[in-house]
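A.B. asks: The following block contains the structure, expressed as C-alpha cells.
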Amino acid sequence: MKKYLAILLALCLCLSMAACGSSAASSAAPASEAAASEAAPAEAAASEAAPADGALTTVNAGKLTISTSPDFPPFEFTDDSGAVVGIEPEIMELICQKIGLELDIQAMDFDGALLAAEQGKVDAVVSGVTVTEERKLVMDFADSYTTITQAIVSKEGSGITMENLGDYTIGVQRGTTGHIYTEEDFGEKVVAYDTYSMVFQALNNGQVDCIVMDDAVAKSYLETNPGLEMGTTTYEPENYAFGFFKGNEALVTAVNGALQELIADGTVQSILDKYMSE
Ligand code: ARG
C-alpha cells in the first residue's frame, strides 16, 4: 500500500512539474494544466476539460463576459443591426454552448479591451489578440487558433516598403502589436488612433502616409477603401489567442477543451474560410 502511495505521489509530482515547465505557453496541454492546480492534483489530472455544470467561476455567474474592439473585420465587426459578429464571436458562441455559459460581448477600444481582461472586469479579451511575452505576464492565453503577419497599407503607387518605412508617417491602432513594433523602430514617426476607422480616415485624408496592421484585417479594409494597396513587412508571424484574466485556470482549461474539439472537427477552419472568402 505504502509503495503504491509513493508511486502515486511521484507521479503527481512529475505531472505538476511538467505543467510548470511548459510555462503559460498557448500550447500547454489542458490536462497537465489542471494537474498544476492547488487542490487534489491526482483528481484534477483525471477529470476531463469540461467541468460539471456551474463549476466555472466567471465575472458574471453563468456568463462568459468578453471584451472586444469590433473594428477588426473579419474577426469582429458590427452588422447592420449593431450586433458584434465575425470569426471570433462565432467561435466563442460555440465554445460557450459546449461549456454551458452564456456569451456576453462588451465592445470597447482595443487598449481598453486588453485592460478590461487584465483587471478582471471581463473574463477574457477576444479581439484578434496576438500572444506576446509581455502580454503573457498580465494575462493567461488559451490555445492559439490562427496566425497572421503585419502588413503595410498605403495609397496605390506610394512606393512605401519595409525598406523606406522610416521616411513616412505611420498610422496604427493604439496598443496593437503594429503600434508596439513600429514605435520601437521608428519612434515619433508613428501616430496612434483608438480605432481602425480613425486610422483609415487619417490615411485617406493624408494625415498619415501608411498603416501597419494585421494582414488579414488589412485585406478586409482594402475592399471597402478604394485606391489603397497592401505590402509585406519583415515582422515575425503572430499567433492569435483569447486572453484571460490571470489565474482562472479552470475556465481556460474548459475553453481550451471546447476549442480543441472545434479545431479537431474542422469547425474553426470552416468559420475562418467562410469569413475570409467573403
Ligand atoms: N493582433 C494585434 C494585437 O494583438 C491587433 C489586434 C487589434 N484588434 C482589434 N480588434 N482591433 O495587437
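The values are calculated or read from the model by the stated rules, or taken from the named source; none is laboratory data. Just so we're clear, the structure is a prediction, and the values are computed from it rather than from any experiment. Backbone-built Cβ (ideal geometry, glycine too); neighbour counts: all protein chains shown. The accessibility values were calculated without ligands, DNA or RNA, using every heavy atom of the protein model including side chains. Shrake-Rupley method; radii C 1.70, N 1.55, O 1.52, S 1.80 Å.
A.B. asks: Answer yes or no as to whether ILE66 is in contact with a helix residue (DSSP H, G or I) (Cβ under 7 Å, 6 or more places away or on another chain), assigned to a helix (DSSP H, G or I) and among the aliphatic types (A, V, I, L, M). Reasoning before the result, please.
C.D. replies: Working: in contact with a helix residue (DSSP H, G or I) (Cβ under 7 Å, 6 or more places away or on another chain): yes; assigned to a helix (DSSP H, G or I): no; among the aliphatic types (A, V, I, L, M): yes.
Answer is no for this residue.
A.B. asks: Taking the stretch 166-219, which residues are within 19 Å of the chain's Cα centre (by Cα) and basic (Lys, Arg)?
C.D. replies: ARG174, LYS219, listed by residue number.
A.B. asks: Here is a further query. Are any residues in the stretch 233-256 under 24 Å from VAL212 (Cβ atoms) and touching a Gly at 6+ places or on another chain (Cβ under 8 Å), and if so, which ones?
C.D. replies: Residue satisfying the conditions is TYR240 alone.
A.B. asks: Filter the stretch 75-89 down to residues that are open to solvent by less than 10 Å² (accessible area, probe 1.4 Å) and more than 9 Å from the ligand (Cβ to nearest atom) and give me whichever is nearest to the chain's Cα centre (by Cα).
C.D. replies: Within the stretch 75-89, the match that is nearest to the chain's Cα centre (by Cα) is ILE87.
A.B. asks: Also, quick follow-up: Can you pull out the strands (runs of 3 or more DSSP E) entirely within the stretch 164-237 that have at least 1 residues that are within 15 Å of the ligand (Cβ to nearest atom)?
C.D. replies: In the stretch 164-237, the matching strands (runs of 3 or more DSSP E) lie at 170-173, 190-193, 210-214.
A.B. asks: Something else about it: Any chance you could count how many residues in the stretch 149-163 are crowded, with 17+ Cβ neighbours inside 10 Å, among the β-branched types (Val, Ile, Thr) and within 16 Å of the ligand (Cβ to nearest atom)?
C.D. replies: 2
A.B. asks: Which one of ALA192, ALA264, ALA241 is at negative phi and touching a His at 6+ places or on another chain (Cβ under 6 Å)?
C.D. replies: Of the residues listed, the single one that is at negative phi and touching a His at 6+ places or on another chain (Cβ under 6 Å) is ALA192.
A.B. asks: State yes or no: is GLU134 over 22 Å from ALA202 (Cα atoms), among the acidic types (Asp, Glu) and surrounded by fewer than 22 Cβ atoms within 10 Å (Cβ to Cβ)?
C.D. replies: Yes, satisfied.
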